[in-house]
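S.K.: One structure, as structure tokens, below. Some questions next.
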Amino acid sequence: MLVDRVATWVSKQIEHMGAPLKIIGYGVGVTYSYVLVECCREEYLGVALTPLEDLAGVRVAPVRRVNSIAEALSLVSSLNPLEKSVGVAAINAVSSYLLWGAGQFRELNADVGIDIVSAAPRVASGKVLIIGHMGPLVRVLKEHGIREIHVVERCAVMRCHSALSDSSLPRLAPEADTLMVTGATLVNDTLDHILSLRKTSSTLVLVGPTAGVHPTPLFAEGVDAVASMRAVKISAVLDVIRRGGGRWAFTEFCEQYVVKAPSTSLTSP
């Protein structure tokens, strides 16, 4: 699946570079999981949403102990939702090293210091489908005159207002001109299905902290843009996660960015 291919891609990158990258910590918080890696005395953090909807009512084993980057990346193939979350966080941690430690971010078509809420009006156009309930995106798009917006949410307790079940995806995705997709779809393996449903002329943007994957393999899979963030004050982000906080609590300790695929043409503000 897509997330397995991305894990293989980042693994081959660090193998080719011969980077002395090692895992120094990982864990599962109430809202986010994390993996912390180190290379040449510099630390790089990756986070991923903890899929609470997949834990309710089932007995889930704790994440197995991992001692290497390879073992952590292999968790993306696990059927255990907690392990998958840690696996995606591992991809994001390695991606953070590649992008900023190895300097690959400079090669990308990126806007730094702009979050997806601010960028949404120039990313989205036409019929918009938001996958994963993201209220601030809906509000800002409506304020900028976009009227045809559908929201689908996989987790029933997260649906509010006019959000629909993701069972409506086969009807909505093929009609959408812009799809703004939560990075959590990497954790629950639904991004593959979403990509298969979209029309070829649409623009698909992967959104959120869990979307902190190196954009290059995502672009090869059909993603058009990535709006995410990297941890600048790592200890502060970890403190928030360990105390049960999430995206809106640790954003102030991060640098946000939007990266566009070379062939992607976004609308004007």
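Just so it is clear, none of the values below were taken in a lab; they were calculated from the coordinates. These figures come from a predicted structure and were not determined experimentally. Cβ: placed from backbone, ideal geometry, glycine included. Neighbour counts: every protein chain shown.
S.K.: Given just the C-alpha atoms of the stretch 1-149, how large is their convex hull per residue in cubic angstrom?
M.R.: 144 Å³
S.K.: Pull up the cross-link candidates among the lysines for Lys127, meaning alpha carbon to alpha carbon under 28 Å and not fewer than 8 places away within one chain.
M.R.: Lys142, Lys199, Lys260
S.K.: Tell me what the chain gives for mean residue ellipticity at 222 nm when only DSSP H runs of n ≥ 4 count, each as -39,500 (n - 2.57), the sum divided by the residue total, rounded to 500 deg cm²/dmol.
M.R.: -9000 deg cm²/dmol
S.K.: Under the rule a/c < 1.5 gives rounded, and otherwise a/b versus b/c splits prolate from oblate, where does the stretch 1-61 land using the Cα gyration tensor?
M.R.: Since a/c reaches 1.5 but b/c is at least a/b, the shape of the stretch 1-61 is classed as oblate.
S.K.: Just want the ordering: Asp239, Asp54, Asp224, from fewest to most Cβ atoms lying within 10 Å of their own Cβ.
M.R.: Starting with the residue having the fewest Cβ neighbours, the order is Asp239, Asp54, Asp224.
S.K.: Also, I was wondering about something else. Cut-off is 10 Å between beta-carbons; in what order do His133, His161, His214, His193 appear when sorted fewest neighbours first?
M.R.: Ascending number of Cβ neighbours within 10 Å: His161, His193, His133, His214.
S.K.: Then there is this: What's the angle, to the nearest 10 degrees (0 to 90), between helix 2-17's Cα axis and the longest principal axis of the chain?
M.R.: 40 degrees
S.K.: Could you work out how far apart the two model spin labels at Glu42 and Asn109 are, taking each label as a point 7 Å from the Cα in the direction of the beta carbon, and quote it in nm?
M.R.: Reported label-point gap for Glu42 and Asn109 is 2.6 nm.
S.K.: If you don't mind, there's one more thing I want to ask. Would the chain count as rounded, prolate or oblate if I go by the C-alpha gyration tensor, calling it rounded below 1.5 in a/c and otherwise prolate when a/b exceeds b/c, oblate otherwise?
M.R.: Prolate shape, in that a/c is at least 1.5 and a/b is the bigger ratio.
S.K.: With a cut-off of 8 Å between alpha carbons and a minimum separation of six or more residues, what is the relative contact order of the stretch 2-106 in percent?
M.R.: RCO, the stretch 2-106: 29 percent.
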